[in-house]
Amino acid sequence: MPEQRPSKPTPKRRPSKSTPKRRPSKSTPKRRPSRPERKQRPSRPARKQRPSKPDLRGLSLDELKSFVLKLDEPAYRAGQIADWVFKRGVRSFDEMTNLSKGLRERLSEKAVLSCAKVVETHTSEADGTRKLLLEYAGRTRIEAVLLKDDERITGCVSTQVGCKFACSFCATGAMGFKRNLTAGEIVEQMISLRETAAPDRLGNLVFMGMGEPFDNYDNVMRAVRIANAEWGLGVGARRMTISTAGHVPGIRKLAEEGLQIHLAVSLNAPVQGLRATLMPIADRYSLTQLLGAIEHYSERTGRRATLEYVLLRDFNDSPEMADALAEIAGRLLCKVNIICYNETTDAVFAPPTDQTVESFLSQVRRRCPTVVRRVSRGSDIAAGCGQLCVPRDGT
Ligand code: SAH
């Protein structure tokens, strides 16, 4: 596998810089300059932390059962509550009309229910893609997308507010990281998507919105299990895809989950040097480690991973790169999805010409027949891959 970096082209709109923008690494944190005039506040006595109330939107049926038993209610109440919380997606305890008023009051004292408001909806004139700006209580804002094709509706779900991984071509990366979404918030997001899709059925879920799912592993897996459960949202695991920027421990953990969920890996460069330039996560988990993890995943699960490859003009679209990608794909049990770069505000990059895309594809296809070109949807409303961001989030 060639490991040398290809020579860098002149960026499209930033002639002064010859490499894509990289955000400062954690090893060089920005320090606030010391200000001698600043008075030190006297330290407060540590406050006793109140145990936080459980969010019913993030509990499994078994956990709901233990919860109702603690309230001296019969176990079957858990099924009734799950029905309101997941199937009907109510936004208040008062709507749970088959529960007594007393129980509804106790629920509202002892628990919370993640709720989101759809603040904005944008619909693509080109392909009907809909983008939702959701606001959770506490004013956290995220974006989620509904993609529609002839046969199915797919919800593209965010897992974090922002992202830590700073891929240089991605708008979410440019936003920085605010916080993880809770399992309840992720489930609530799916419910908002389902309501917006109605009367059509939300049949598929992809974790390809804002954030790195494996950096929020436990909450994402909890949400996946709730989405998958019969008592939950009832979406088949085979109809869900988790996409990772190359979080090796996450891939290895997923291999042990015994779930039929699909794994997609954003490869984006077939050589370590270029990959690390485009995706700082590659400094932490090398290409060799990543490919090892994908191989392990396929061996453990018998499942075919998808390699995603965003074509960036003059960066990763050369015939040498196509060969290197084909070589990798040929070694793995995988499919390859090629997509063109979607413009972000940080436009160092550009999409390749159609001709380059086609010749790249045919070159990869010679050794890897499972390569396809995926047409990005919703890019006219900034709902395409890598375009999601909330610049003025309230968190
Ligand atoms: N963090 C996860 C999921 C979010 S990104 C991951 O990296 O996979 C979802 C997909 O969008 C990834 O495949 C990513 O490579 C792609 N992507 C990011 N920025 C893009 C852009 N500007 N144009 C096209 N695809 C992009």
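The values are calculated or read from the model by the stated rules, or taken from the named source; none is laboratory data. Owing to the predicted nature of the structure, the values given are computational and were not obtained by experimental measurement. So basically every Cβ, Gly included, is an ideal-geometry build from the backbone, and we count neighbours across all protein chains shown.
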Just one listed residue, out of 102, 79, is part of a helix (DSSP H, G or I) and free of Cβ contacts under 8 Å to residues at least 12 places away in the same chain, and it is 102
Single residue of the range 180-222 satisfying the filter (acidic (Asp, Glu) and not in a helix (DSSP H, G or I)) that is farthest from the ligand (Cβ to nearest atom)
200
Given the conditions (1) within 13 Å of the ligand (Cβ to nearest atom); (2) under 18 Å from residue 145 (Cα atoms); (3) surrounded by fewer than 19 Cβ atoms within 10 Å (Cβ to Cβ), every one holds for residue 172 apart from (3)
For residue 377, are the conditions met, namely being closer than 19 Å to residue 129 by Cβ, surrounded by 18 or more Cβ atoms within 10 Å (Cβ to Cβ) and of a type in the set (Lys, Arg)?
yes
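This table checks each residue for (1) touching a residue at least 40 places away in the same chain (Cβ under 8 Å); (2) within 30 Å of residue 253 (Cβ to Cβ); (3) part of a loop (DSSP other than H, G, I, E, B); (4) outside the structural domain of residue 267 (by TED's automatic domain parsing).
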site: 291; (1), (2), (3), (4): yes, yes, no, no
site: 325; (1), (2), (3), (4): yes, yes, no, no
site: 330; (1), (2), (3), (4): no, yes, no, no
site: 351; (1), (2), (3), (4): yes, no, yes, no
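Consider residue 265 carefully, then state whether it is within 17 Å of residue 337 (Cβ to Cβ) and under 18 Å from the mean Cα position of the chain (by Cα). Walk me through how you get there before you give the answer.
Working: within 17 Å of residue 337 (Cβ to Cβ): yes; under 18 Å from the mean Cα position of the chain (by Cα): yes.
Taking the combined requirement at face value, the residue satisfies it.
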Go through the range 165-177 and give me each residue that's at pLDDT below 95, touching a strand residue (DSSP E or B) at 6+ places or on another chain (Cβ under 6 Å) and not small (Gly, Ala, Ser).
175
Looking at 184, 203, 162, which one is assigned by TED's automatic domain parsing to the domain that holds residue 239 and at pLDDT below 95?
203
Selection from the range 261-282 of residues more than 11 Å from the ligand (Cβ to nearest atom) and in contact (Cβ under 8 Å) with a residue 40 or more places away in the chain yields 262, 270, 271, 272, 273, 274, 277, 280
What tally of residues in the range 86-99 results from selecting those that are in a helix (DSSP H, G or I) and closer than 18 Å to residue 59 by Cα?
3
Can you tell me how many residues in the range 268-317 are among the polar types (S, T, N, Q) and under 23 Å from residue 340 (Cα atoms)?
5
Checking the structure you have, find out if any residue of the range 227-239 is within 15 Å of the ligand (Cβ to nearest atom), at pLDDT 95 or above and either aliphatic (A, V, I, L, M) or in a helix (DSSP H, G or I) (or both).
no
From the residues in the range 310-358 that are within 13 Å of the ligand (Cβ to nearest atom) and of a type in the set (Val, Ile, Thr), which one is surrounded by the fewest Cβ atoms within 10 Å (Cβ to Cβ)?
345
